Amino acid sequence: MLRLYQTTVHSRLMLGSARYPSPQVLADAVKAARAEIVTVSLRRESAGERAGQAFWSLIRELGVRVLPNTAGCHSVKEAVTTAHMAREVFGTTWIKLEVIGEDDTLQPDVFGLVDAARTLCAEGFEVFPYTTEDLVVAERLLAAGCGLLMPWGAPIGSGRGLNNLFGLKALRAHFPEVPLIIDAGLGVPSHAAQALELGFDAVLLNTAIAQAGDPVRMAAAFAQAIEAGLAARQAGPIEPRDLAVPSTPVIGTAFRG
Amino acid sequence: MKILVNGAWRETASRELPQALEELGYGGAVVSTALNGEFIAAAQRADTVLADGDRLEVLAPMQGG
């Protein structure tokens with residue numbers, strides 16, 4: 001069980017809802033992943049198409065908890081205004097806070113992120129900040145009122161896995177009590193298993209599943225990997241060593257002495 | 001009156017925001033609104049009067065990661 005602010009969830013796999021081949025594949029993938037939390041966004045609505053209304057009906061039918069994001073926002077003002085709009089439309093105080101600082105890597109603008117988080121936390125939002133593994137930024141976000149952190153694994157959609165293992169391990173060690181969710185950059189289930197093995201509490205995925213050849217099967221594979229990674233973490237992995245240690249007992253070895 | 005709706009110029013007869021939304025085709029839709037970059041909550045719309053050249057954003061749920 002994982003506690004995120006006042007909410008307890010069982011699933012360690014959170015899913016984005018974008019880039020699926022069809023709404024039905026999205027719905028099937030959410031079920032295969034056994035996801036309880038799905039991220040959503042806000043975009044300009046065309047009065048003619050009303051695409052947003054159909055999407056919202058689909059998400060509500062899934063019976064999941066939604067986590068609205070502020071994707072695409074490049075300033076504190078845009079992010080805060082989008083958060084207000086999302087709270088009204090989605091009826092939740094949860095907000096996945098993104099303030100993008102650089103377009104090639106979609107790296108968060110951590111200065112704007114801290115500012116926006118401070119404003120939104122003071123207004124009663126429960127902020128899920130999309131951040132880097134930077135320890136000082138993490139401290140500032142927690143001081144601003146965030147009750148959890150969402151460090152990136154790698155740039156959004158890159159599928160590279162955990163890019164900075166040293167930094168991520170340091171973050172985990174530094175904040176043992178803070179829920180840490182790897183958000184973005186994972187490509188294959190072993191990346192997710194690794195995140196859980198390292199002690200991260202959950203992962204948030206989108207592209208790795210949505211753009212897979214068979215998204216529903218990939219969703220199930222990620223769910224299995226996360227289960228395995230969590231079990232491994234709880235079972236206590238051995239420490240890596242530089243030299244070999246024989247696994248077969250050496251006492252009584254034949255032909256010696 | 002001409003206002004910029006989601007980045008496109010539109011002509012509306014209504015000056016009140018709720019009526020303008022109806023006129024623009026958003027009647028009954030789940031949307032959130034911002035006027036000139038400021039969030040306008042649903043409860044505030046009735047008190048919001050549009051002016052020529054205003055920038056209106058009408059947002060709705062969409063897929064996101």
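FYI, it's all coordinate maths here, none of it is from the lab. Bear in mind that the values here come from a model prediction, so they are computed numbers and not experimental data. Virtual Cβ from ideal backbone geometry, glycine too; neighbours counted across all protein chains shown.
Of note:
- Relative intensity, log₁₀ I(q)/I(0), of region B:2-59 from a Debye sum that treats every alpha carbon as a point, q = 0.19 Å⁻¹: -0.56
- Chain A: relative contact order in percent, alpha carbon pairs under 8 Å with at least 6 residues between: 19
- Diagonalising the gyration tensor over the Cα atoms of the protein assembly as shown and scaling each eigenvalue by 5 before taking the square root yields semi-axes of 44, 21, 15 Å, largest first.
- The residues packed around A:Thr70, meaning those with a beta-carbon under 10 Å from its beta-carbon, carry a net charge of -1 if Lys and Arg are +1 and Asp and Glu are -1.
- Potential lengthening between A:Thr8 and A:Gln234 on full extension [0.36 nm per residue; Cα-Cα distance subtracted]: 79.5 nm
- Under 14 Å, Cβ to Cβ, from A:Leu165 - net charge with Lys/Arg +1 and Asp/Glu -1: +1
- Rounded tilt (10° steps) of A:51-62 against the dominant C-alpha axis of chain A: 50
- Taking amide H positions as modeled 1.01 Å from N, with prolines and chain starts lacking one, the residues under 5 Å from A:Leu205 and 5 or more places away or on another chain are A:Met14, A:Leu15, A:Gly16.
- Under 5 Å between amide hydrogens, built in the peptide plane, is the criterion, and for B:Glu16 it picks out B:Leu50 among residues at least 5 positions away or on other chains.
- Scanning residues 5 or more positions from B:Val5 or on other chains, those with amide H under 5 Å from its amide H are B:Arg10, B:Leu56, with H placed 1.01 Å from N in the peptide plane.
- Spin-label model, A:Ser22/A:Asn164: points 7 Å from Cα along the beta carbon direction are separated by 4.2 nm.
- Taking other residues whose beta carbon is less than 13 angstrom from the beta carbon of B:Glu16, and scoring Lys, Arg as +1 and Asp, Glu as -1, yields -2.
- Length gained on full extension, A:His174 to A:Val188, computed as 0.36 nm times the residue gap minus the Cα-Cα distance: 2.4 nm.
- Cα-Cα over 28 Å, subset of A:Lys77/B:Lys2; A:Lys96/B:Lys2; A:Lys77/A:Lys169: A:Lys96/B:Lys2; A:Lys77/A:Lys169
- Helix A:215-235 axis versus longest C-alpha principal axis of chain A: approximately 50°, rounded to the nearest ten.
- Between the residues A:Ala79, A:Phe125, A:Ala35, the greatest Cα displacement towards the positive end of the dipole of region A:1-135, with unit charges on the Cβ of Lys, Arg, Asp and Glu, is found for A:Ala35.
- Between A:Glu139 and A:Val250, the distance separating the two model label sites (each 7 Å from Cα on the Cα→Cβ line) works out to 4.6 nm.
- Likely footprinting exposure, A:Glu197, B:Glu16, fewest C-beta neighbours within 10 Å first: B:Glu16, A:Glu197
- Net charge dipole, chain A: roughly 600 debye, given to the nearest 20, about the Cα centre with Cβ charges of +1 for Lys and Arg and -1 for Asp and Glu.
- Rounded to 5, the percent of DSSP beta bridges in chain A classed as antiparallel: 20
- Burial ordering of A:Glu78, A:Glu98, B:Glu38, fewest other beta-carbon atoms within 10 Å first: B:Glu38, A:Glu78, A:Glu98
- Cα-centre dipole for region B:2-59 with unit charges at Cβ (Lys and Arg positive, Asp and Glu negative), debye to 20: 80
- Where labels lie 7 Å past Cα in the beta-carbon direction, separation of A:Arg44 and B:Ala41 in nm: 2.7
- Proxy reagent accessibility, fewest Cβ within 10 Å first, across A:Val203, A:Val137: A:Val137, A:Val203
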